[in-house]
Amino acid sequence: MPEVYFYDPAAGHGLPHDPFKAIVAPRLIGWVSTRSSSGQLNLAPYSFFGAFATFPSIIGFCSEGRKDSIRNIEQTREFVWNLATRPLAQQMNRSSAPVGPDVDEFHLAGLTPVAGRNVSVPHVGEAPAALECKLLQIVQLHDLEGKPMDNWLALGQVVGVHIQKAYLKDGRFDTHAAQPIMRAGYRGDYAQIGEMFEMIRPTS
């Protein structure tokens with residue numbers, strides 16, 4: 001067996017940099033648009049994002065700190081996930097700037113807000129795909145000792161799907177052509193899809 005480095009997170013990793021985010025990678029980016037109850041738009045990327053169910057489809061993201069996105073979702077119970085791609089990488093990065101709640105990140109990043117169909121929140125018009133969501137629940141995470149953490153998980157049910165027709169090939173969404181980008185490790189590390197392969201699940 002290969003030699004293994006083990007550490008107990010409670011005692012520290014003992015390395016120059018925490019490897020956790022590099023191990024749990026790559027991760028699709030939760031590029032989330034929201035609207036406050038007063039109508040102020042917000043667009044922000046989150047590195048903790050995932051899909052959790054189908055029939056109905058449920059997605060979620062976790063905010064480290066109770067940020068504008070969480071507050072807006074609490075107010076309106078709606079949000080939209082936008083697919084961040086290689087051509088939109090710089091705009092996505094600009095939308096992560098630490099600005100006040102009165103700043104519209106769509107405008108800041110030079111992106112087009114397109115009105116939702118089943119929600120009042122706009123999506124990024126340039127994104128190849130976007131998922132409109134209605135809030136199911138916001139959960140404040142707790143550690144093993146039951147201590148509340150400053151981490152907030154928002155789960156939403158998908159109620160509308162936008163797909164640019166250029167990315168539909170033979171009735172399938174062309175993930176490779178869309179060039180999604182993902183968080184892939186330490187500060188500033190991103191990845192994009194390279195070679196893809198097919199592997200069918202066993203039937204027995």
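List of remarks:
- Whole-number percent relative contact order across the chain, with pairs defined as alpha carbons under 8 Å at least 6 apart: 23
- The amide H of residue 85, built 1.01 Å from its N in the peptide plane, has 181 as neighbours under 5 Å, considering only residues 5 or more places off or on other chains.
- 3J(HN,Hα) from dihedral phi, segment 25-40, Karplus parametrisation 6.51/-1.76/1.60, rounded to Hz, x for glycine, proline: 7, x, 10, 4, 8, x, 8, 10, 9, 9, 9, 6, 5, 8, x, 6
- For segment 181-187, Karplus couplings with θ = phi - 60° (6.51, -1.76, 1.60), whole Hz, Gly/Pro x: 10, 9, 6, 9, x, 7, 3
- Estimated from helices alone, the mean residue ellipticity of the chain at 222 nm is -3000 deg cm²/dmol (sum of -39500 (n - 2.57) over DSSP H runs with n ≥ 4, per residue).
- For segment 150-204, averaging the sequence separation of C-alpha pairs within contact (under 8 Å, six or more residues apart) and dividing by the residue count gives a relative contact order of 19 percent.
Where a number appears in this text, it was derived from the coordinates with a stated rule and is not lab data. Quick caveat: nothing in here was measured; it's all calculated off a predicted structure.
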